[in-house]
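Undergrad: Mind having a look at this structure? Questions to follow.
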Amino acid sequence: MTQRIGIIGGSGVERPDRGFREEIVETPFGDALVWTGEGNNEDVVFVSRHGVAHDVPPHRVNYRANIMALRQLGIERVIATFAVGGIADDIPPGSAVAIDQIIDLTSGREHTFFDGGAMGLHHAPFTEPVCPALREAIVGQAPGFELPIRPAGTYICFNGPRFETAAEIRMSRLLGADVVGMTAMPEAALARELGIHYAGIAVSVNWAAGIDAAYMGALTLDFGALQAMRGKLLPLILDVLRTTDPRACGCTELGT
Ligand SMILES: [Zn+2]
């Protein structure tokens with residue numbers, strides 16, 4: 001078998017297409033539910049971040065079990081998807097961003113493997129939180145799938161599950177954030193701690209709170225746009241993971 005690759009599917013991408021079977025992977029941090037591919041996809045492992053029924057809220061996702069399961073399965077390359085709110089003017093609902101930076105405002109989550117237990121103490125460098133080789137490949141190969149993608153963007157991660165206030169989004173914009181979501185952290189950091197090349201594609205499913213001045217009510221999530229994009233998104237992710245060998249990129253040498 002060729003090198004196995006991993007996809008973490010966020011909201012709107014809860015399960016892979018046909019040809020995958022469900023598998024429970026036991027880890028020291030709990031069980032993870034993954035889908036392993038068969039036939040043409042036997043190199044692919046798919047993790048449904050919120051569970052197949054989309055019933056695990058962002059603050060209760062067992063990020064450590066998910067990432068450790070991928071590591072135990074021998075996976076070195078992962079691309080994740082995120083449903084996000086657009087903060088920057090050029091990220092309306094239905095547009096995609098290959099994120100390159102993260103601001104972490106989460107709290108109360110199990111956010112590290114290096115908690116002084118069996119894996120000891122280690123400070124993983126995180127200056128560049130996303131694997132540059134994978135991100136550049138996403139940007140370079142997206143046109144071949146007719147998928148417009150913003151080549152970079154800063155993801156600000158709130159704890160949720162409530163949406164943000166208009167003031168919190170104004171603050172986020174001042175801090176340089178382009179999209180807002182609830183799941184990139186601690187996921188990206190945990191991948192770095194285990195030496196996994198990790199990149200993410202954020203898909204805007206709504207404007208962030210207060211951005212659309214005409215809109216004062218509850219936010220509605222436009223998963224229709226995400227579903228429409230899915231037919232291009234997953235093939236792009238597979239193509240990038242299969243054709244990019246990021247091992248020389250150096251992002252994981254900084255880790256364990
Ligand atoms: Zn890398």
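Bear in mind that the values in this text are calculations on the coordinates, not laboratory data. Only a predicted model underlies this, so the values are computations on that prediction, with no experimental measurement involved. Neighbour counts are summed over all protein chains in view; Cβ atoms, including those assigned to glycine, are modelled from backbone coordinates with ideal geometry.
Undergrad: Taking Rh as the Kirkwood radius, which is the inverse of the mean 1/r over Cα pairs, what is the Rg/Rh value for region 5-248? Walk me through the numbers on the way to the answer.
TA: Details: Rg = 16.9 Å, Rh = 18.0 Å.
Result: Rg/Rh = 0.94.
Undergrad: Also, quick follow-up: Put +1 on the Cβ of each Lys and Arg and -1 on the Cβ of each Asp and Glu in region 5-248; which of ILE237, VAL179, THR112 then has its Cα farthest toward the positive end of the dipole?
TA: Projecting each Cα onto the dipole axis, the largest value belongs to VAL179.
Undergrad: Scan the chain and report its longest stretch carrying no trypsin sites (Lys or Arg not before Pro) that are both in a DSSP loop and have at most 14 other Cβ atoms within 10 Å. Don't jump to the answer; show the numbers that get you there.
TA: Details: sites that count: ARG18, ARG162.
Result for the longest clean stretch: 19-161.
Undergrad: Work out how much length ASP89 to ALA166 would gain on full extension: take 0.36 nm times their residue separation and subtract the Cα-Cα distance, in nm to one decimal. Can you show the working numbers first?
TA: Numbers: separation 77, 0.36 × 77 = 27.72 nm, distance 1.52 nm.
Once the chain is fully extended between ASP89 and ALA166, it gains 26.2 nm.
Undergrad: Only sites in a loop by DSSP and with at most 15 other Cβ atoms within 10 Å count here; which GluC sites (Glu not before Pro) in region 65-157 make the cut?
TA: Of the GluC sites (Glu not before Pro), the ones in loops of region 65-157 whose Cβ has at most 15 other Cβ atoms within 10 Å are GLU110, GLU146.
Undergrad: If you don't mind, there's one more thing I want to ask. Which residues in region 151-185 place their backbone N less than 17 Å from a point set 7 Å from the Cα of GLU128 along the Cα-to-Cβ direction?
TA: Only 151-155 pass the distance filter.
Undergrad: Okay, moving on. Taking the Cα centre of the chain as the origin, how large is its charge dipole in debye, to the nearest 20, when only Lys and Arg (+1) and Asp and Glu (-1) carry charge on their Cβ atoms? List each step's numbers first, then the result.
TA: Numbers: 20 positive and 30 negative charges, 17 e Å.
Using Cβ point charges on Lys, Arg, Asp and Glu, the chain gives about 80 debye.
Undergrad: For GLN72 and GLU14, FRET efficiency with R0 = 30 Å and r from the beta-carbon atoms, rounded to 0.05? Write down the numbers at each step before the final one.
TA: Values: r = 22 Å, r/R0 = 0.74.
So the FRET efficiency works out to roughly 0.85.
Undergrad: With the dipole of region 5-248 worked out from charges on the C-beta (+1 for Lys and Arg, -1 for Asp and Glu) around the Cα centre, which of PRO16, ALA98, VAL78 lies farthest toward the positive end?
TA: Of the listed residues, the answer is ALA98.
Undergrad: Looking at the chain as a GNM with Cα springs under 10 Å, which of LEU233, LEU194, LEU105 has the largest mean-square fluctuation?
TA: Result: LEU105 has the largest fluctuation of those listed.
Undergrad: In addition: Sort largest first and round to whole Å: the equivalent ellipsoid semi-axes of region 145-238, each the square root of five times a Cα gyration tensor eigenvalue. Provide the component values of the computation, followed by the final result.
TA: Numbers: eigenvalues 116, 74, 28 Å².
Working through the eigenvalues yields semi-axes of 24, 19, 12 Å.
Undergrad: With only alpha-carbon atoms in the gyration tensor, what are the semi-axes of the equivalent ellipsoid for region 36-178, in Å, largest first?
TA: Details: eigenvalues 126, 103, 54 Å².
Semi-axes from the Cα gyration tensor: 25, 23, 17 Å.
Undergrad: If you don't mind, there's one more thing I want to ask. Under a point-charge model restricted to the Cβ atoms of Lys and Arg (+1) and Asp and Glu (-1), what is the dipole moment magnitude of region 10-59 relative to its Cα centre, in debye to the nearest 20? Don't jump to the answer; show the numbers that get you there.
TA: On the way: 4 positive and 10 negative charges, 37 e Å.
The calculation lands at about 180 debye.
Undergrad: What does the convex hull of the Cα atoms come to per residue for region 1-89, in Å³? Numbers along the way, then the final one.
TA: On the way: hull volume 10.4 nm³, N = 89.
So the per-residue Cα hull volume is 117 Å³.
Undergrad: If you don't mind, another one. Most fluctuating residue of VAL13, VAL61, VAL34 in a GNM of the chain with Cα springs under 10 Å: which is it?
TA: Greatest mean-square fluctuation among the candidates belongs to VAL61.
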